[in-house]
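Notes to accompany the following structure.
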Amino acid sequence: MRRSVYGPGEDQPNPEMLGASTRAWWGEKPEQMGAALVETVRAVMNDQVDYITECESNLRMYRNLQNSGTLPFRYLKVDHQGREVGSAARRVGMNVARPMCNTVASKIGKERPRMMYHTDGAGRLARTQAKKIQLYRDGLMYEQKLYQKSPRALLDALTMGTGYLRAQQSLGKVKHKKVEIKRIFTPQLFIDRIEGAEGNPRNWYEIEFIDKYELAYRFPDDADTIKQMKANWSGDPNIWWKNFAQGSDHATLMIYRGYHLPTEEGADDGHWCVGIGDLTLHEAPWVDIESPYAVYRWLESPDGFYGMGLCEELRGVQGEINRLLRRIQAAMILLSAPYVFVDKNAGLEAGMMRGIPGSVIKHNSRMQPHVEAPSVVHPEVFSHLDRLYQRAFETAGVSQLSATAKIPANLESGRAVLVHEDVQTERFALADRGWQTMHQEIDNKALRCAKRINHQVDIIDPVSRALRKMDWKEMSVDGFVIKCTPTSLLATEPSGKLDNFERLDAQGLVLDPEEKLEQLDDPDLDAFTHRHTAQRRYYEKLFEGMLYEGKPYEKPDGALSLKKGILLAQDMYIQALADDVEPASLDKITMWINTARIMEENAKKLSAPEPTGASLPLSPPGGGVAPALPPGMPPLPMAPPGAEPPMPPMVS
C-alpha cells in the first residue's frame with residue numbers, strides 16, 4: 001500500500017507530507033487543475049536540470065557530437081544554414097558507445113516477447129477464454145505496432161538509462177476510442193526525486209508534443225484558444241531536443257500530463273489530468289493501481305527512480321579515447337610530414353622539388369640533401385588506445401568480434417559457436433528478463449485499458465479463418481485464473497511454424513503426405529492443430545456441459561470415433577467423481593458410455609463380412625463332423641498339405 005498524502009480526517013492533502021517540488025494539483029478544482037499541474041511539472045523539471053543535461057550528454061556521446069555547446073544548435077552537427085557547429089566534422093572520432101549500444105540492442109532486441117495466456121489444470125471454459133484473450137492480445141499488439149516501438153525504448157535505455165512505453169486510451173473527443181501504445185522519449189517523463197527514491201512513485205509527469213490543430217480537433221470546446229497559442233517550448237533550455245527551430249510560430253505545442261495513483265486497489269483518490277497554460281484539457285479519476293507506463297532500465301540504480309545506461313558506463317573510457325585521439329591528431333598534423341634538409345650552396349631551387357610533402361630547410365653545413373622523418377607518436381600511445389578500446393567492449397560485456405559480426409578463428413565446430421553465444425547470453429540474463437518484463441507490463445496495462453473502453457481489434461477467427469472485429473465483451477474472465485507468460489514471437493512466424501511442424505512430423509503425428517506438402521509450401525500450424533483436435537474439443541464441450549453446466553443428455557454421434565469418446569468420457573467421469581459432482585450429472589455420462597458401447601458393438605457386427613461359400617469351414621470349430629453340402633453340389637477336392645482350400649464351385 002502506498003503512503004497517502006491525506007492526513008487523518010482531512011479532505012485536502014497535507015502540505016507537510018508532500019515533496020518540496022510537488023503541488024497537490026489533484027486536489028484543485030477542475031478549472032484550476034490544469035494550471036496547477038503545469039506549475040508542478042515545471043517545478044520538477046527545474047529541479048532536475050542535471051538529469052536533463054545528463055540525458056543530452058549521453059545522447060551526444062552516442063551520436064558522436066561534442067559534449068559542450070550553446071543553444072539552439074548544440075544537438076546538431078550543422079545549423080539550419082548548413083554551417084558546422086564547433087569542430088564536429090573536423091575532429092577524428094573513435095566512437096565506442098554507438099557500436100556497443102547497437103550490438104547490445106541487437107542481442108536483446110532480436111527476441112520479441114509474446115505474452116501467452118494459458119491456464120493450469122483448468123477446464124474447457126477457462127482454456128477457451130484464455131485463447132480468446134490471446135487472439136485479442138495478438139490483434140491489439142499488431143494494430144499498435146508494438147515490436148516497432150519497443151526497440152526504440154530499448155535504445156533509449158541503453159543511451160540514457162531508462163526507456164518508457166505508455167498504454168492509454170485516446171485523448172480527447174474522438175469518434176473511436178481506442179488503446180494507444182506509444183514510446184516516450186526519456187527526457188519527457190519526470191518523477192519527483194523524493195517520491196522516486198524507492199522506485200515506486202505515486203505521481204508521474206510527462207510532457208508531450210502535439211500539433212495544435214490536432215489538439216484543437218480533440219478538444220473542440222477550447223479549439224479557438226488552442227489555435228491562437230504559440231510554441232510554448234521554444235527557447236526553453238530544458239527542451240534541448242526540440243530547440244533547433246527558429247521563432248515561436250511553430251505549430252507544435254507542449255502539453256503536460258499528470259497521474260496521481262490511488263492509495264490502494266479500489267480507492268477513489270486517484271486522478272489524472274492533461275493541461276496546457278491555464279487550460280484544463282482533461283481531468284478524470286484514475287482507477288488503476290498502476291501507472292500507464294512500462295519501464296525498462298539497462299541497470300538499476302541502488303537509490304532513485306532513473307536507471308543507468310551503457311553510455312554512462314562508457315563515459316570515462318570514451319573521454320580518454322577522445323583525449324588521446326586529439327593529441328594524436330595534433331601530433332600527426334605537426335610532425336607527420338618529413339623535413340628535407342638542403343645546403344644553401346647546393347644550387348637547388350624551390351621549383352626543382354615539386355610534389356615533395358613536408359618542409360624544406362636550408363642550411364650551411366655543406367652536407368648532401370637528405371630527408372628526416374621523425375617518430376610522430378610513441379608506440380605506447382597507440383597500444384594504450386587499443387587497450388582502452390578493448391576495455392570498452394569488456395565493460396559492455398560484448399566481444400569485439402560480436403560487434404563486428406565475426407566468429408573467433410579457433411571456433412570450428414557448430415557446437416563451439418553455440419557455446420560461445422551462450423556465454424554472451426548469460427551476460428545479458430538480467431537485461432533479457434527486464435526486456436520480457438517490460439512487454440508483460442505493457443500487455444497488462446493495454447488489456448486493462450481495453451477492458452475499460454471496450455476497444456475493438458481485428459482478429460483472424462479461429463473457426464472461419466476470416467477477418468472480423470472482436471471487443472472485450474466477448475470475453476468473460478471472471479472466476480478464472482489465467483496466467484500470462486512471456487514466450488517468443490518466433491513461433492508465430494512462418495519459420496517457427498515450419499520448425500514446429502517438422503517436429504510433429506518427426507514424431508509421426510502427420511500421416512497424410514499431401515498435408516505435408518501443403519504445410520511445407522504454406523505453413524499454418526494453427527489450422528492443422530485446430531482441425532486435428534476438433535473431435536476431442538467437441539467431446540470435452542459435450543461432457544463438461546452434461547457434468548458441470550446442467551445441459552441435457554445427448555446421445556452419441558455414430559459419425560465420430562466412439563472409442564475416443566468412451567476413453568475421454570471415462571477420464572472425465574472419474575474426475576467428476578473426485579470433484580463431488582451430483583449423481584444426476586454422473587448418470588448422464590454413464591448412459592452415454594453404455595450407449596456408445598452398444599453402438600460400437602452394433603457397428604462391428606454390421607461391418608463383419610457375410611458368410612459365403614468361400615468361407616464355409618471344412619470342419620466345425622473344435623472338431624466334429626463337417627456340415628453337409630447343399631443338394632446337387634459335388635464333393636470338394638482334397639487340397640495338398642499346406643495349400644489354401646479350393647474355392648467351391650458356383651451353384652447355378
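The values are calculated or read from the model by the stated rules, or taken from the named source; none is laboratory data. None of these values were measured; they are calculated from a predicted model. When we count neighbours, we look across all protein chains shown, and the Cβ atoms used for this are built from the backbone with ideal geometry, even at glycine. Each accessible area value is taken on the protein alone, full model and side chains, heavy atoms only, with ligands, DNA and RNA left out. Shrake-Rupley method; radii C 1.70, N 1.55, O 1.52, S 1.80 Å.
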| field | In Å², nearest 10: area of residue 384 left accessible to a 1.4 Å probe | value | 60 Å²
| Within region 556-582, what residues put their amide N at less than 13 Å from the label point 7 Å along the Cα-to-Cβ vector of residue 591? | 556
| field | Cβ-based net charge around residue 36, under 13 Å, with every Lys or Arg adding one and every Asp or Glu removing one | value | -2
| request: Determine the order of 185, 382, 190 by accessible area, beginning with the largest, at a probe radius of 1.4 Å. | output: 382, 185, 190
| region 218-344 - accessible surface per residue (Å², probe 1.4 Å) | 45 Å²
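Using only the heavy atoms of the protein chains and a 1.4 Å probe, how would 360, 38, 179 rank by accessible area, largest first? Before the final figure, lay out each step's value.
Working: 360 75, 38 20, 179 0 Å².
From most accessible down to least: 360, 38, 179.
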| query | Using a 1.4 Å probe on the protein chains only, how many percent of the accessible area of region 269-347 belongs to carbon and sulfur? | reply | 56 percent
| Considering only the other residues whose Cβ falls under 14 Å of the Cβ of residue 577, what net charge follows from Lys and Arg at +1 and Asp and Glu at -1? | -4
| field | Cα gyration tensor shape for region 96-218, rounded if a/c is under 1.5, else prolate or oblate | value | oblate
| field | FRET efficiency estimate (nearest 0.05) - Cβ-Cβ, residue 110 to residue 332, R0 41 angstrom | value | 0.55
| message | With every protein chain left in place and a probe of 1.4 Å, what is the accessible surface of residue 273, to the nearest 10 Å²? | response | 0 Å²
| message | Per 0.36 nm of contour for each residue apart, how much would the distance between residue 381 and residue 512 grow if the chain were fully extended, relative to their Cα-Cα spacing? | response | 40.2 nm
| query | Of the accessible area of region 127-247, with the probe set at 1.4 angstrom, what percent is carbon plus sulfur? | reply | 51 percent
| Per-residue SASA entry for residue 53, accessible area with 1.4 Å probe, Å² rounded to 10 | 70 Å²
| said: Multiplying the sequence separation of residue 174 and residue 372 by 0.36 nm and subtracting their Cα-Cα distance, what value in nm do you get? | reply: 63.5 nm
| List 159, 252, ordered by accessible area with a 1.4 Å probe, largest first | 252, 159
| residue 289-residue 452 FRET efficiency (beta carbon distance; Förster radius 22 Å; 0.05 resolution) | 0.95
| task | Decide, for region 160-319, between rounded, prolate and oblate: order the square roots of the alpha carbon gyration tensor eigenvalues as a ≥ b ≥ c, take rounded if a/c falls under 1.5, and otherwise choose prolate if a/b is larger than b/c, else oblate. | result | oblate
| In nm, spacing of pseudo-spin labels at residue 505 and residue 437 (7 Å Cα→C-beta vector) | 4.2 nm
| Farthest toward the dipole's positive end in region 269-399, which of 379, 280, 308, given Cβ charges of +1 (Lys, Arg) and -1 (Asp, Glu) about the Cα centre? | 379
| query | What's the FRET efficiency of residue 360 with residue 236 using the Cβ-Cβ distance as r and R₀ = 51 Å, to the nearest 0.05? | reply | 0.35
| In nm, to one decimal, how far is the modelled label at residue 429 from the one at residue 147, with both set 7 Å along Cα→Cβ? | 2.6 nm
| Each label point is 7 Å from the Cα along the Cα-to-Cβ direction; what then is the distance between the points at residue 553 and residue 213, in nm? | 7.3 nm
| Considering only protein heavy atoms and a 1.4 Å probe, what is the carbon-and-sulfur percentage of the accessible area of region 517-604? | 55 percent
